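A short write-up of the structure that comes next.
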Amino acid sequence: QKEVEQDPGPLSVPEGAIVSLNCTYSNSAFQYFMWYRQYSRKGPELLMYTYSSGNKEDGRFTAQVDKSSKYISLFIRDSQPSDSATYLCAMIRTGANSKLTFGKGITLSVRP
Amino acid sequence: DTGVSQNPRHKITKRGQNVTFRCDPISEHNRLYWYRQTLGQGPEFLTYFQNEAQLEKSRLLSDRFSAERPKGSFSTLEIQRTEQGDSAMYLCASSGAGLYNEQFFGPGTRLTVL
């Protein structure tokens, strides 16, 4: 079993839909939680970063962390075709030289 | 452009050949990471430098892989005697020091071993 599991894809939604992306993790030493977006043939870029349990909002994006359940989510409101990309959850363990442990990624397609 | 750059962007080689990739991090960043990403998977950590010191290597980094960061600036990743299983995207990221700092990724080098 991998340390970070991400819901399998691909996912296709109509423009304007609310998208929910989820990851679970097994190691309670993970303390920092990130969501990255990766367009085809590009490197990942950071979307959201959270440390504590709860919600963090940035425009149309909301990141949610539940440390007690070892579960993180990313919500995208009013999804746009430009949101079509692969979304990767990533985590950092304390004392781990800040190296990222990624989920498998899920490919999202937003249909106009 | 002040982002992370990687060269070459694509490399096609025959099995058994040696290849070398270069990463130029953001100039003020003292941390540099290498990751490998295969098709349909998330990136996996390979190795980490703080300045010129290589502080951690993953079990994924076999003896055929070596990485350097002379003078704490650019970094190179060399793969000797390439195998078909080495085909992947090799990503470099850099960050500042501290408990948590955002890692900025380069565009990656896509390696195909024939």
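What the table shows:
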quantity	calculated
Output for region A:100-112, where each listed residue is buried (at least 20 other Cβ atoms within 10 Å of the Cβ) and either facing chain B (nearest Cβ under 8 Å) or in contact with a Lys or Arg (Cβ under 8 Å, 6 or more places away or on another chain) (or both)	A:100, A:101, A:102, A:103, A:105
Restricting region A:1-44 to residues that are among the charged types (D, E, K, R) and modelled with pLDDT of 95 or more, the residue that is surrounded by the fewest Cβ atoms within 10 Å (Cβ to Cβ)	A:15
Set B:79, B:26: member being under 12 Å from the mean Cα position of the chain (by Cα) and β-branched (Val, Ile, Thr)	B:79
Filter result (within 14 Å of chain B (Cβ to nearest Cβ), in contact (Cβ under 8 Å) with a residue 12 or more places away in the chain and loosely packed, with under 14 Cβ neighbours inside 10 Å) within region A:57-94	A:94
All positions within region B:20-55 that are part of a strand (DSSP E or B), over 17 Å from residue B:103 (Cα atoms) and in contact with a Pro (Cβ under 9 Å, 6 or more places away or on another chain)	B:21, B:22
Index of the failed condition, residue B:49 passing every other in (1) within 14 Å of the chain's Cα centre (by Cα); (2) away from chain A (no Cβ under 13 Å); (3) farther than 30 Å from residue A:106 by Cβ	(2)
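The values are calculated or read from the model by the stated rules, or taken from the named source; none is laboratory data. The model shown is predicted, which means the values in this text are computed figures rather than measured ones. Note that each Cβ is placed from the backbone with ideal geometry, even for glycine, and that neighbours are counted across all protein chains shown.
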